[in-house]
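What follows is a short report on a single structure.
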Amino acid sequence: MKKIRLLRSIVFLENLLCIYRNFLFFNKKARAIILIHITIELVLYVLSIVNNSFIIYSYFHSDNRSMLIVFTTICCFYVVTFVSIVMGILRSEEFKDLVTSLELINKFFTNNKTYLKSLGRSNTMIIAITTILYCVTCIGIAVDKITLNDFYEFTSSDVIWTVSSTLLELRYQTECVVYFGIEYLFLIFTKHLNLLVKEAIKKVSLDNNGTVKDVPISSDAVTKNEVKRWATIYRQLMMSSKLLQACFSLQIICVFVSAVINFITTAFRMVKVSVLGSIATDMNEIIIVNLIFTLLYQNIGLVLIIVTGQRVWNQILLLNVLLARLYNGILIQPCRDTLRTLKNLQRMVVKNPVQIKMLSVLPVGSYMLPMFMTLSVSYIIVMLQFGHVV
């Protein structure tokens, strides 16, 4: 993990919020302290659940529908938090293997200046995204509490609610950023693997149409060892994608489900306020703007995950095309072993494509955005109809 700054950054980020995915990297004494820390943290969150439940009931007991919406929303964040903390420990062995696999891939590119620049930029990007998400999350929660403060007295219980809800949402955003960061590593690796193949294509003098120019091809234009190197990188990518699924699948599914539920409940509240004017008229505009703001910042992380997963898949599709072009270009090369090795690599890419997956049957891709919107809009309409809003 010391060799990839991006991994260090995201692990440090999780450790700040009591998620110790790197549990096995510590010595026995440190592990004991971590377990005590996690136990205390979980006990505090159980107490905060009790506190927040009383607050929700006291404020919304006359409106069961609003009480259910608020309680469901906050429960989503609690589920993400508990799953992240517990699974971080339980899947620490798989995470250690994932880090080892990613560092092995990193070794193949350490002499590539373009790769090193990309890696450096990715670390800066993660820090910037995290800072922005944390700031807008805190601003959104602060505005929400300020608007509510006009309708009830702000007590010590409300302070506990505000602090706990802030930490819950920060953990939610953190899991999105961490998963996005590792996805982005996959994107960097696949991009530079494709660049290696493109350089080999240039050596065998292929034109833009993929046909061979009328020039002689040297016997060492593409060597067997070079193709084996690509195959090793690809195998490690395959292994890393499986380990990523083992480490993060449950957390990311919880994040996705929570995002859908939060989108539905927030949009319902927004429509209810705008249509019925259920709260004081002079506050309606402020509340609607804040709800729109909440919709945006709570889903930015999920959109980044979906888009990056699709970009990784696009790179794998491109790799398959590039390998086919290269194979056609070196058919007349004297070394048959190189041809055989390249063909085996091509078969491996076709049969075992590297794909970021939440589950074995649920790859991360752009198709999830329309699915997300369809689910959300359908349930929003149902809730509005049952609530007699429309």
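Tabulated data for the structure shown
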quantity: Condition met for THR130 (under 18 Å from the mean Cα position of the chain (by Cα), at negative phi and in a helix (DSSP H, G or I)); calculated: yes
quantity: Lone qualifier among LEU185, LEU193 - being within 13 Å of the chain's Cα centre (by Cα), buried (at least 21 other Cβ atoms within 10 Å of the Cβ) and in a helix (DSSP H, G or I); calculated: LEU185
quantity: Residue match in segment 96-110 (condition: over 20 Å from PHE25 (Cα atoms) and of a type in the set (S, T, N, Q)); calculated: yes
quantity: From LYS213, LYS228, residue being among the basic types (Lys, Arg), modelled with pLDDT under 65 and either closer than 30 Å to ILE89 by Cβ or surrounded by fewer than 19 Cβ atoms within 10 Å (Cβ to Cβ) (or both); calculated: LYS213
quantity: Answer from VAL354, VAL349 - the residue that is modelled with pLDDT of 80 or more, crowded, with 20+ Cβ neighbours inside 10 Å and in a loop (DSSP other than H, G, I, E, B); calculated: VAL354
quantity: Condition met for LEU35 (among the hydrophobic types (A, V, I, L, M, F, W, C) and at pLDDT 90 or above); calculated: yes
quantity: Residue ID - surrounded by the fewest Cβ atoms within 10 Å (Cβ to Cβ), chosen from residues in segment 2-57 that are more than 18 Å from the chain's Cα centre (by Cα) and basic (Lys, Arg); calculated: LYS28
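Here's the yes/no breakdown for (1) assigned to a helix (DSSP H, G or I); (2) modelled with pLDDT under 85; (3) over 30 Å from GLU226 (Cα atoms):
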site	(1), (2), (3)
VAL275	yes, yes, yes
SER278	no, yes, yes
MET283	yes, yes, yes
ILE286	yes, yes, yes
VAL289	yes, yes, yes
PHE293	yes, yes, yes
GLN310	yes, no, no
ASN344	yes, no, no
SER378	yes, yes, yes
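The values are calculated or read from the model by the stated rules, or taken from the named source; none is laboratory data. Quick caveat: nothing in here was measured; it's all calculated off a predicted structure. All Cβ positions, even for glycine, are placed from backbone atoms using ideal geometry, and neighbour counts span all protein chains on display.
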